[in-house]
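Worksheet: the structure to be examined is printed underneath.
The values are calculated or read from the model by the stated rules, or taken from the named source; none is laboratory data. Since the model is a prediction, treat every value here as computed from it, not as a measurement. Backbone-built Cβ (ideal geometry, glycine too); neighbour counts: all protein chains shown.
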Amino acid sequence: MNLLLKQLNLSKIANNQKVSTPKYDRENTDIGIVHLGPGAFHRAHQAVYTENAMNLSGGHWGICGVSLRSATARDILAEQDNLYTLAILDKKVSYQVIGAIKQVLVASEQSDDVLARMSAASTKLVTLTITEKGYCLASDGSLDLNHPDIKHDLEKPTTPISAIGFIVEALKQRKLNHIKAFNVLSCDNVSSNGDKLRRAVVDYAGQFDSKLQTWINNHVAFPNAMVDSITPKTESYTIEAVSKAMGLQDNWPIQREEFSQWVIDNKWQGERPDWEKVGVIFTDDVAGFEQAKLRLLNCLHSTLAYAGSLAGFETIFDVASDEEFYQFITKLAAEEIIGSFTPPKELDVKIYSNDIIQRFLNPNIRHLLAQIAFDGSQKVQMRILPIIADNLALGRPTQLLSLSLACWFEFICTALKAGKEIVDPMASNFATMPKLLSDNVLEVVEAFLNIDSIFGPALKNNHSLKAQLARSLTAIRLGDIKQISQMVKALS
């Protein structure tokens, strides 16, 4: 059994050329960032950029990770002095011990400690990866005042349970104590994430303190940001492989592809780590990068998840390596996605599209289709429906996109018929929709299109789209999804 990965054991791997370790004085580095939601993506992405910035320039940018409910990360990482390994799995495999996270707290057990850390003058930045659900927004983009977490926090603001409640209470304490406000940076895969987070925070503050609301508006920056790096879930084999390669036992490593991207709005107030020196792009066109990613990477990802699952594949590599599916996503990208939006001037969209598809062909990244398929009712609204809507408005084709969307329909229907668990916020709604079990494809299509929280009137009432979806669903049910490129020809 290897020695445990801990600060005092780092010297044991000093001569391992495949492993890099912290270059800064970790013991004397203070915490400057509080991150809400220290899950896999944060540990493989933002924490790594911060680690690299401190390796290069130093600075007091240690991270306090705050898990809103689960104690798993805190309990495992505490035994390892909060150290963990990033495994870069690509054509070349390498390992990096990350020391940027210096503390992990569990908000449901340590709310006072969390607020104290967020209110401390040393904290300059609060970052988040809590998924869009954590913003507690209503369908119109305003704060959902009927959300149970928000209702709790408005009644008991000094003991919050939501990320929004923690942010506002900490800002209130800083204002009362004449401490400069921190910036708030969303790192979630959500369109206009900073704007949406600002709306939630400002709406919440306005419920009980208009002066605080004004102070937040005047002193807190909420930059929009776009993030990207394929980060599969840590499995038992990850732990075994990383620990063997390291020569130290790491019980909470993370794996990631080599490609990583972080684009942040130039609208910024105050200090930040030297992120721009380690690859972060600061730009005036986050939306352009965001659209490129949502429409190419994320749309193709979800398409492969649903179509590939129906075909019996297990991972992105498996399905993308299949010639039929490779041809399909290449055609989808070239003919219906590129041209649906205006890319940022810094980005060659054709090269970017090709690079994305090549990323899917990385045999060392085991990215499960089942994981990507989670929360489809939310993901299709960001990844597929806007492209369909824009293409319809521009008179561009939507045939392949309709087939992609129909694969999601059939994915849900198949799970319902088999009694399988559907990991989706609308799972209970689907279970109460008998028409989703129908053999009549038009009934199924109309049932989905009538879900107002997903489909707006423009798509719901588009007869051409409805007919395309019905033809696609018929082809999926009567044909062989494994012959998807042939199916596309038949639908032409």
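Assorted remarks:
- Note on the stretch 1-107: enclosed strands (runs of 3 or more DSSP E) holding 1 or more residues that are crowded, with 20+ Cβ neighbours inside 10 Å, touching a Phe, Trp or Tyr at 6+ places or on another chain (Cβ under 7 Å) and not hydroxyl-bearing (Ser, Thr, Tyr) are 31-36, 84-89, 93-98.
- Of all residues in the stretch 416-447, those satisfying the criterion of being touching a residue at least 12 places away in the same chain (Cβ under 8 Å) and closer than 19 Å to Ala475 by Cα are Lys417, Lys435, Leu436, Leu437, Val441, Leu442, Val444, Val445, Glu446, Ala447.
- Any hit, the stretch 380-393, residues being assigned to a loop (DSSP other than H, G, I, E, B) and closer than 23 Å to Ala292 by Cα: yes
- Scan of the stretch 411-428 for residues that are aliphatic (A, V, I, L, M), part of a helix (DSSP H, G or I) and exposed (fewer than 15 other Cβ atoms within 10 Å of the Cβ), ordered by number: Ala418
- Taken over the stretch 229-261, the criterion of being more than 30 Å from Leu296 (Cα to Cα) and either in a strand (DSSP E or B) or not assigned by TED's automatic domain parsing to the domain that holds Thr129 (or both) is satisfied by Leu248, Gln249.
- From the list Leu105, Leu89, the one residue that fits, being assigned by TED's automatic domain parsing to the domain that holds Val34, touching a strand residue (DSSP E or B) at 6+ places or on another chain (Cβ under 6 Å), farther than 23 Å from Gly58 by Cβ and modelled with pLDDT under 95, is Leu89.
- Some residue of the stretch 395-410 being surrounded by fewer than 15 Cβ atoms within 10 Å (Cβ to Cβ), within 15 Å of Gly376 (Cβ to Cβ) and not hydrophobic (A, V, I, L, M, F, W, C): no
- Restricted to the stretch 330-362, and to residues there that are closer than 28 Å to Lys91 by Cα and in contact with a Pro (Cβ under 8 Å, 6 or more places away or on another chain), the residue that is surrounded by the fewest Cβ atoms within 10 Å (Cβ to Cβ) is Tyr352.
- Residue within the stretch 139-149 that is buried (at least 21 other Cβ atoms within 10 Å of the Cβ), modelled with pLDDT of 95 or more and not in a helix (DSSP H, G or I) present: yes
- Of all residues making up the stretch 175-198, the number that are under 18 Å from Ala116 (Cβ atoms) and surrounded by fewer than 21 Cβ atoms within 10 Å (Cβ to Cβ): 7
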